[in-house]
Amino acid sequence: MFAAGRAYITSGYGSSIEMVAPATRRVLRRAELPYGSFNLASAGPWLIVTSVLNGEVTVLRASTLRRGAETKVATAARSVAVLSR
C-alpha cells in the first residue's frame, strides 16, 4: 500500500510491517504486528492492520510505525474499512 510518499508492506506470516522508500526500495522502519496481519488501510496519519488469523486490529502512526492501539474484534478480521474526517 502507498501512503504519504511511502510504501507499506506487511508480512502476515512474518508478523511485521515495513515502511519503504519507493524510489530507492530502502527499508526505513520495521515494526512487529500480530501473527496473520495481512490487510492494511490508511486514514490520515494512521495505518490500520487486521489479522486474518487471530482477529486483532492494530492502529499504527504511519510516520513512525508506533502502535496507537490494538484490540481483538473477532476470531478472524478479513478486512477493514476506514472513515476519515
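Structural remarks
- Gained length - Leu28 relative to Ala4, 0.36 nm times residue gap less alpha-carbon distance: 7.3 nm
- When only Cα pairs below 8 angstrom with a gap of at least 6 residues are kept, the chain shows a relative contact order of 21 percent.
- Computed over the alpha carbons of the chain, Rg followed by Dmax gives 12.0, 38 Å.
- Once the C-beta distance of Ser63 and Leu83 is scaled by a Förster radius of 25 Å, the resulting FRET efficiency is 0.75 to the nearest 0.05.
- Within the shell defined by Cβ-Cβ distances under 15 Å, the residues around Arg26 carry a net charge of +3, with Lys and Arg each +1 and Asp and Glu each -1.
- Given their separation in residues at 0.36 nm each and the Cα-Cα distance between them, Ala41 and Tyr13 gain 8.3 nm when the chain is fully extended.
- Calculated from backbone phi, Karplus (6.51, -1.76, 1.60) coupling profile of segment 14-26 in Hz, x at Gly/Pro: x, 6, 8, 9, 10, 9, 10, 7, x, 5, 9, 6, 7
A short reminder: the numbers here are calculations on the coordinates, not readings from a lab. Here the structure is a predicted model, which means the values were calculated and not measured. Note that we place each Cβ from the backbone using ideal geometry, even for glycine, and neighbour counts take in every protein chain shown.
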